[in-house]
Amino acid sequence: MSKPARSIETRHHEERDAFFAGLRRMSRRSFLRLAGLSAGLAMAKRLVPPHSFQLVEVAGAAETGKLPFTFAYISDTHLYPARLNDRFVRAILKAVDDVNSLDPPPDFVLFGGDLAQLGQREELDLGHEILKGVKVPVRMMVGEHDWFFDMGEHWRALFGPEQYSFDYKGVHFVTLMSVQEKDFWTERGMTPMQRMQTVAGLDNGLQSRFEVGAAGREWLTKDLEKVDKKTPVVVFSHSPLYKYYRPWNFWTEDADDVQAILRPFEHVTVLHGHTHQLLTNRIDNIYFHGMLSTAWPWPYAPEGLPKLTIQQNRADPFDQFDGCGDGSVGLTEEGLANVLYNLWDRNPVTVRASYLASSGAKDAPARTKLPSY
Ligand SMILES: [Fe+2]
Ligand SMILES: [Fe+2]
């Protein structure tokens, strides 16, 4: 008599045990197996073949060493220690598998901040190990969830300075630390964990609003002094660098001052994390794109939504991947960004530079008729 088939529950538990065993002895080889296990979960519902997760702008980049080229992003993974929440671990593994599957590969991957949930060493270490599985260079950005437990000490030890710039194929890239806050904790005698949890709870009235801060703005001004005004500038920022919705800290308090520093440049694109949703804005010469989170989608704020935003509709709460995702950014020959939202379990959406350049008159992304939030 043949052996009875194992039940779906038994198989689920076996797979879960293998997943945790693999996490305990994280190595490159076990990582690849783990990524496979995670990807399998989503593939069953995949609506579009993986090859559609790419943009066309890469042609010619290799020959000239200049624009156009593509980079990918992974953002807002919010890792807890794996034993507390394997769901978010599976999501980042899926994102790493996505960016590693891109053909042709992106030139690099931007990590958009909020690697950890509560800035714990164990959370940051886990993210650090997992991101080693990305096959191309990773450019790191810090989020408030990484920072306010030890004020960035462990993050810096793992990833280096939180604010830096680099030139690449004709584009000047700047990574800003845009989640500074005025000291609300010393006077109240808060512990590091109380400080971290206060910042993590975005809608409490205790904390101050995010800002780049005077020192950060001075650094930015100095950094851009040497850059020609015609050179395309791409800014990586965790908070949006404009004023969206203050009560939730979807907001940068000194956004007006930061924008003034960026205004003299012909083309500026800001890629930001933090808001966990498809978000599009333009203020004069500055084009803003929010990045998707791998962990969860935030609802849209009740007011202040930039009018160029084509909203993604409400996520299915019973589908862990719905409304989440990763993405890639194709930089055109002019240094403008076409941003592809690789929404898991949904069709991808591309927000083209021409849509922003025409203030919404041309190339609008497809709009869903389903309800948003
Ligand atoms: Fe986040
Ligand atoms: Fe954040």
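The values are calculated or read from the model by the stated rules, or taken from the named source; none is laboratory data. Keep in mind the model is a prediction, meaning the values are calculated, not measured. Neighbour counts are summed over all protein chains in view; Cβ atoms, including those assigned to glycine, are modelled from backbone coordinates with ideal geometry. Side chains are part of the model used for accessible areas, which takes the heavy atoms of the whole protein and leaves out ligands, DNA and RNA. Shrake-Rupley method; radii C 1.70, N 1.55, O 1.52, S 1.80 Å.
For the chain, what relative contact order do you get, as a whole percent, if you take Cα pairs closer than 8 Å and at least 6 residues apart? Don't jump to the answer; show the numbers that get you there.
Details: 797 pairs, mean separation 60.3, N = 373.
Rounded, it is 16 percent for the chain.
Among 290, 273, 152, which one shows the biggest mean-square fluctuation in a GNM of the chain, springs joining Cα atoms closer than 10 Å?
Its mean-square fluctuation being the largest, the pick is 152.
Convert each backbone phi in segment 173-181 into a coupling constant with the Karplus relation 6.51 cos²θ - 1.76 cosθ + 1.60 (shift: θ = phi - 60°), then list the ³J(HN,Hα) values in order as whole Hz, x for Gly and Pro.
9, 10, 10, 9, 9, 10, 10, 5, 9
About the Cα centre of the chain, what is the dipole size in debye to 20, counting +1 per Lys and Arg Cβ and -1 per Asp and Glu Cβ, all else neutral? Walk me through the numbers before you get to the answer.
Details: 42 positive and 47 negative charges, 213 e Å.
Approximately 1020 debye in magnitude.
Of all accessible surface on segment 116-263 at a 1.4 Å probe, what whole percent is carbon and sulfur?
Numbers: 3090 of 6110 Å².
Roughly 51 percent, rounded to a whole number.
As a check on your grasp of the helix formula, calculate [θ] at 222 nm for the chain: sum -39500 (n - 2.57) over DSSP H runs of n ≥ 4, divide by the residue count, round to the nearest 500.
-8500 deg cm²/dmol
Which lysines have a Cα lying under 24 Å from the Cα of residue 369, excluding residues fewer than 8 positions away in the same chain?
Partners within reach: 45, 307.
If you build a Gaussian network model of the chain, linking Cα atoms that sit under 10 Å apart, which residue out of 75, 359, 239 swings the most?
Top of the fluctuation ranking is 359.
With a Cα-only, solvent-free Debye model of segment 121-253, what are the log10 I(q)/I(0) values at q = 0.11, 0.17 Å⁻¹?
Values, matching the q order: -0.46, -1.02.
Students often forget the sequence filter, so: which lysines lie under 18 Å Cα-Cα from residue 226 once same-chain residues fewer than 8 apart are removed?
Counting by Cα, and skipping residues close in sequence, residue 226 has these lysines nearby: 169.
Please find, in a Gaussian network model of the chain (springs between Cα atoms separated by less than 10 Å), the residue of 148, 20, 71 whose mean-square fluctuation is greatest.
Highest fluctuation among the options: 20.
Based on the alpha-carbon gyration tensor of segment 257-308 and its eigenvalue square roots a ≥ b ≥ c, which shape applies: rounded if a/c is under 1.5, prolate if not and a/b is larger than b/c, or oblate?
Details: a/c = 2.67, a/b = 1.88, b/c = 1.42.
The shape class here is prolate.
In Å², and per residue, what accessible area does the chain have when probed at 1.4 Å with the other protein chains present?
On the way: 16210 Å² over 373 residues.
Ligands and nucleic acids excluded, the figure is 43 Å² per residue.
Taking a probe of 1.4 angstrom, what is the accessible area of residue 84 in Å², to the nearest 10?
Per-residue accessible area (residue 84): approximately 120 Å².
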